[in-house]
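Have a look at the structure below before the remarks.
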Amino acid sequence: MNTAEQCPRTEALSALVDDELGEPDRMALNAHVAGCALCAPVLAELRQLRIRFAALPAVVPGVDFATLVDRRIAAAGAPKPKAQPQRWRWWQVAPAALGGALSLSFGAYLGSALLLGSQVAAQPAALQMAAFTEIPPGALCPAVQACNPMGR
Amino acid sequence: MLASDGPDEDWVRRAQAGDRKAFSELVRRHQDRVYRYLLRMLGSHDDALDLTQDAFVKAWQALPQWQPEAQFRTWLFRIANNTALDTLRRRKLVEFVPLEDAFDAPGAGPDPERQAQVTQEVRQLEASLKRLAPEHRQILLLREVEEMSYEEIGRVLSLSEGTVKSRLARARTALIEIHARSR
């Protein structure tokens, strides 16, 4: 007498019913079930279920779906099945890529020229800081000492 | 000109090029199976009629994505299954309305007693199926009614073969339990 621990799982019995086991597994399982009081009724029940499904009535719609579906496709403007997304070839994208590279290079050239120009025109730092002295550039001297703290 | 008994793949290629007549041929070949599956998934003739059309229209729109490595039937069932699940999710249906009486079991021969017994068994199975979780119902229908292999079911439901095997076993156990309780 087998114990439940020694028995195969239900999924093995289910696969046996479906004939989805390899030959060695199928033979071993059949041998086990033949002498197992636990598995034999389970297998019988699974087989019975299969017989019940086979008795289900054949269902026929009684409708020609081809006509209905075709009408719906036509009514929807009959878009042809969407075309596959186009794959780009290198020679198709080369002109655009070249144009883009040239634009970038020209932009970089213009940018660097502007930077260089601003450096040339830059004033010395001391002159720029003169704006923050007591008497800013262009203002009148109220007294000589005010504009010449050394008194000279 | 294609022979009407040519393989699906030839018709699909023509349909991919925009040939609606070729697509109609594909619809005719698969309409009964798709309808049958959707009827048992949704439990309603009217829903199955609508969703079968929806599934085929979606298939037409998705034709450019079809790859020759995929069997057309498997690919189509994937679309039909997703259509059914979308509808069930939208309605949040767990229990389904009963199948219409128009879908009685056919006669099982001249013996009226036997005929009544078969009708009763079929009704019980249909009632039990309706109480199953949708993921159990779909896998059982694909196996028992559509007779798909584990590999094909795996492709339709995007599952590994191991998962198909274990889910089928769980679905059967659940159905047997429901069936036993209803007796």
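The values are calculated or read from the model by the stated rules, or taken from the named source; none is laboratory data. These numbers come from a predicted model, not from an experiment. When we count neighbours, we look across all protein chains shown, and the Cβ atoms used for this are built from the backbone with ideal geometry, even at glycine.
Here A:ALA34 fulfils each of the conditions (1) within 11 Å of chain B (Cβ to nearest Cβ); (2) farther than 17 Å from B:ARG170 by Cβ apart from (1).
Contact annotation: residue pairs with Cβ atoms under 6 Å, 6 or more positions apart or on different chains, pairing a residue in region B:167-180 that is under 15 Å from A:GLN48 (Cβ atoms) with a partner that is charged (D, E, K, R), are B:ILE176/A:GLU45; B:ILE178/B:ARG131. Within region A:10-23, residues that are crowded, with 20+ Cβ neighbours inside 10 Å sit with their Cβ atoms under 8 Å from residues that are modelled with pLDDT under 95 and of a type in the set (S, T, N, Q), at 6+ positions apart or across chains, in these pairs: A:LEU16/A:ASN30. Evaluated against (1) in a loop (DSSP other than H, G, I, E, B); (2) of a type outside the set (Asp, Glu); (3) within 7 Å of chain B (Cβ to nearest Cβ); (4) in contact with a helix residue (DSSP H, G or I) (Cβ under 6 Å, 6 or more places away or on another chain), A:ILE73 falls short on exactly one condition, (1). Helices (runs of 4 or more DSSP H) fully within region B:122-183 that include at least 2 residues being over 20 Å from B:LEU39 (Cβ atoms): B:150-157, B:161-182.
Contact map, region B:23-39: residues that are assigned by TED's automatic domain parsing to the domain that holds B:GLN61 and among the small types (Gly, Ala, Ser) paired with residues that are surrounded by fewer than 21 Cβ atoms within 10 Å (Cβ to Cβ) and part of a helix (DSSP H, G or I), Cβ distance under 8 Å, separation 6+ or inter-chain. Pairs shown: B:SER24/A:ALA66; B:SER24/A:THR67; B:SER24/A:ASP70.
Highlighted here are the helices (runs of 4 or more DSSP H) found entirely within region B:11-94 that include at least 2 residues which are surrounded by fewer than 21 Cβ atoms within 10 Å (Cβ to Cβ) and away from chain A (no Cβ under 12 Å): B:72-91.
Among the residues that make up region A:58-70, is at least one of them away from chain B (no Cβ under 14 Å) and either surrounded by 14 or more Cβ atoms within 10 Å (Cβ to Cβ) or not small (Gly, Ala, Ser) (or both)? Looking through region A:58-70, none of the residues is away from chain B (no Cβ under 14 Å) and either surrounded by 14 or more Cβ atoms within 10 Å (Cβ to Cβ) or not small (Gly, Ala, Ser) (or both). Of all residues in region B:161-181, those satisfying the criterion of being more than 10 Å from chain A (Cβ to nearest Cβ) and surrounded by 11 or more Cβ atoms within 10 Å (Cβ to Cβ) are B:THR163, B:ALA174, B:GLU177, B:ILE178.
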